[in-house]
Structure formats: C-alpha cells, structure tokens
Amino acid sequence: MKRILALIKRTLIWIVVAFFASTILSVAVLRWVPVWFTPLMFIRVAQQASAGQKLTLHHHWVPLDRITPSLSTAVIASEDAHFLEHHGFDYKAIEKAAMRNIKHPEKRKLGASTISQQTAKNVFLWPGRSWVRKGFEVYFTTLIEIMWSKQRIMEVYLNSIEMGDGIYGADAVAEWHFHTQASKLTRAQCALIAVSLPNPRRFNSARPSAYMLKRQQRILHEMRFVKPLKD
C-alpha cells in the first residue's frame, strides 16, 4: 500500500512539474513565434464540418508594424481602457461588473475581461465559463503579462481574435470585409471592427447595423483619449 501511495505521489509531482514546465516554455516560445492556429479555430472548423457546412478559415499573421495603430487604439477604447496601466486584470472593472450582475441578475452577465485575458483565452484555452477554465485563464494571463510586452500581447490579440465567421485577425478581416490590408484600415473601419468583437458572428463589420454605427461613433470619440501603443 505504501508503495502504491508513493507511486501515486511521484506521478502527481511529475504531472505538476510537466504542466508548469510545458506551459511556461510554450508562453516563452510564443513571445517570438507567430501564433498560426488557436483552439477556437479548430473548434469552429469542427462545428462547420459537423453541420455539413463549407470549411472556412481565413487567417494570416502580420507583425504589429503592419497593422494600423488605429486598430489597437480602437480595441483599447472599446474593450480595455486601462490596458496600458494594468498587469492583466482590471480590478475596478471586475468590481463594477460584479456589482451590476448582483443587482440585475435578470440581465445578460456583464464581463470585465481585459485584452490580456482574452489573448490568454484565445491562444491557450477553449471557450467556456467554467471555474476551471477561468482558473487556467488567470494563470496564463499572469504568465503572458510577466513574459510578454504590452506590444506583443496586442500583436497576438489582433492576429488571433475572431473577427467574423471564419475570419481571424486584423489582416483577414481587412481583406474580407473591407478589401484592403491591415495597414490601410481607416479609423472608422477600425472602430467598426472593435464594435463587432464582443460577438463577431452576430455583428458584421462589413454590414453594420444602426446599433453598430451608433457604437462606432462612440468609439471614435473615445479613441481621441487613448494613449498610443509605443514600440
């Protein structure tokens, strides 16, 4: 019995060591290597296949200096106003969202995920709202904030985020929705893309609704107060 317990203990220790070693190494490697695929991309393709739909995946990596600065400004204004100041988590936004959700449980849950958290989720995890997945999200967010610069986090975010049905990243959405390149997107187009991010398969930046156009104007106004993302 003691031998079995000792074996289980050693096995658990090696599992824990292997987990931390592999995850830290993967985050370190992706500090420099482009992210060509994400778990969500594979999930979406599997969903398309199971539904008998045409397999669609548009994604091509471009460095941050080939993405117009207006897009990072727009997503900061829309998604994470304190991106340049926080260390992965916006505690004021979390508190505000928690209080609102408690006071109005009948309404759709308000989130407070930062760009760093969304990047960690997109690159390393699967979609979902379980506490287990949230715990992994906190772990990976902490790692990328320690090991990556804000510029790298933004670069990975803008290249990996879902921006339409089968469309991932700034250059793909620029091509398929606006017939241009990520470097040539206008401020207005960037604001529309930012509007679509909470639900890019519902909100189409190529065919904006009245709500999207109204939200676009708000983001364009807020973009004036966003600090530039420096190299």
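With Rh defined as the Kirkwood radius, the inverse of the mean 1/r over Cα pairs, the Rg/Rh of the chain is 1.02. Once the Cβ-Cβ distance of I94 and T11 is raised to the sixth power relative to R0 = 25 Å, the FRET efficiency obtained is 0.10.
Report, to the nearest 10°, how far helix 150-160 tilts away from the longest principal axis of the Cα atoms in the chain, using its own Cα long axis and a range of 0 to 90°. The answer is roughly 80 degrees.
Close amide-amide hydrogen proximity is noted between H58 and I167, Y168, each under 5 Å apart and 5 or more residues distant or on a separate chain (H modeled in the peptide plane; Pro and chain starts excluded). In the chain, the longest principal axis of the Cα atoms and the axis of helix 187-196 are about 50 degrees apart. Between 0 and 90 degrees, the angle of helix 91-103 with respect to the longest Cα principal axis of the chain falls at about 90 degrees. For the chain, the residue among A46, A191, H177 whose Cα projects farthest onto the positive side of the dipole built from Cβ charges is A46. With helices as the sole contributors, the chain gives -18500 deg cm²/dmol at 222 nm; each DSSP H run of n ≥ 4 counts as -39500 (n - 2.57), and the sum is divided by every residue. About its Cα centre, the chain has a charge dipole of approximately 760 debye under the convention of +1 per Lys or Arg Cβ and -1 per Asp or Glu Cβ, with nothing else charged.
Given R₀ = 41 Å, FRET efficiency for Q53-K2 by Cβ-Cβ distance, to 0.05?
Numbers: r = 56 Å, r/R0 = 1.37.
Rounded to the nearest 0.05, the efficiency is 0.15.
Counting 0.36 nm for each residue step from A206 to Y139 and taking away their Cα separation leaves a gain of 20.6 nm. The residues neighbouring V138, those whose beta-carbon lies less than 12 Å from its own, together hold a net charge of +1 under the Lys/Arg +1, Asp/Glu -1 convention.
Only the coordinates and a few stated rules stand behind these numbers; no lab work does. Not measured: the values here are computed from a predicted model. Counting neighbours? That spans all protein chains shown, and the Cβs are built from the backbone with ideal geometry, glycine included.
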